[in-house]
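This report concerns only the one structure given below.
FYI, it's all coordinate maths here, none of it is from the lab. From a predicted model like this one, the values you see are computed outputs, not experimental measurements. Methodologically, a virtual Cβ is constructed for each residue, glycine included, from the backbone with ideal geometry; neighbour enumeration extends over all protein chains shown.
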Amino acid sequence: MQVHAPVRWWSVAIFVPALFAIFWATAYLAPPATELGALYQYFGAALVAFALAMVPYGRAAFGLLAFRPAGWRLVSAGMLGGLIVSVAVSPIAQESEWLQQVVEMVRESGQLLASLLLIAGLAPLAEELVFRGLLYGWLEGRWGPRVAVVGSALAFAAAHSEPVYIAMALPSGLFLGLLRWRSNSLVTPLIAHVTNNGAFVLMAKYLDF
């Protein structure tokens with residue numbers, strides 16, 4: 001389903017430089033003491049840059065981003081499907097240096113709540129707003145939903161930078177994009193993403209993998 005008033009290309013053009021400018025400025029003015037702090041700064045910068053890109057639309061931004069109710073069946077299927085996809089690619093996780101660093105971060109004493117808020121809260125919110133909201137909305141309006149699903153998934157995977165992590169993120173990105181398409185709601189992939197990341201944090205904390 002194509003939106004009637006798509007997200008414009010200049011919104012993406014605003015977001016990208018704003019993200020890096022805000023992140024590097026905050027990192028320079030307040031250097032993070034830990035990896036967790038750096039991640040909070042990065043995803044916080046992403047939310048601010050996203051807001052700057054969407055301000056010109058005013059209240060219409062909510063419709064463009066597909067902030068609308070989602071049926072419980074698709075939400076439930078998304079949560080379950082996201083977990084299945086994650087389990088399917090989990091053998092690759094042991095090869096990812098970045099994910100192993102995240103596991104170590106989660107297992108640090110007193111870091112569980114802060115890790116949950118970041119990995120299962122701030123990170124999926126920022127990523128869904130950017131990839132299944134901003135970018136998907138532009139691609140869908142320009143080339144249709146199929147290109148939006150694939151294009152947003154490729155960008156989502158590439159943003160994870162590490163080759164092994166990219167291989168893990170691409171199937172998840174495709175699945176989340178399909179949820180966005182089929183439900184016509186950003187809420188569905190957001191809930192699935194939060195559920196998946198939350199499960200990862202708890203498994204990293206309490207299971208040996």
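Taking every alpha-carbon pair under 8 Å whose residues sit at least 6 apart, the range 9-206 reaches a relative contact order of 30 percent.
Other residues with beta-carbon under 11 Å from the beta-carbon of Leu186 carry, at +1 per Lys or Arg and -1 per Asp or Glu, a net charge of +2. Modelled spin-label separation between Lys205 and Glu104, with each label point placed 7 Å from Cα along the Cα-to-Cβ direction: 2.0 nm. Of the peptides 20-26, 181-187, the order by per-residue mean of other Cβ atoms within 10 Å, starting with the highest, comes out as 181-187, 20-26.
Take the Kirkwood radius over Cα pairs of the range 92-143, plug it into Stokes-Einstein at 4 °C and 1.567 mPa s, and you get 100 µm²/s for translational diffusion. Among the listed values [x] 19.4, 59; [y] 16.8, 50; [z] 17.9, 58, the one computed from these coordinates for Rg and Dmax of the Cα atoms in Å is [y]. Over the chain, DSSP H runs of length four or greater, each weighted -39,500 (n - 2.57), average out per residue to a 222 nm ellipticity of -23500 deg cm²/dmol. When only Cα pairs below 8 angstrom with a gap of at least 6 residues are kept, the range 130-174 shows a relative contact order of 32 percent. Peptides 47-53, 192-198 ranked from most to least packed, by the mean per-residue count of other Cβ atoms within 10 Å: 192-198, 47-53. Taking each full run of DSSP H in the chain as one helix, which ones are at least 18 Å long along their axis (Cα atoms) and have mean Kyte-Doolittle hydropathy of at least 0.5? Sorted by number, the helices that extend far enough and score high enough are 9-29, 35-54, 72-93, 145-158, 163-183, 187-206. Cα extents for the range 1-98 along the principal axes, largest to smallest and rounded to whole angstrom: 46, 43, 20. Taking Ala45, Ala70, Ala60 as the candidate residues, the one with maximal mean-square fluctuation in a Gaussian network model of the chain, Cα springs under 10 Å, is Ala60. The separation of the range 47-114 from the range 148-209, counted between C-alpha centres, amounts to 6 Å. Per residue, the Cα convex hull of the range 51-125 amounts to 150 Å³.
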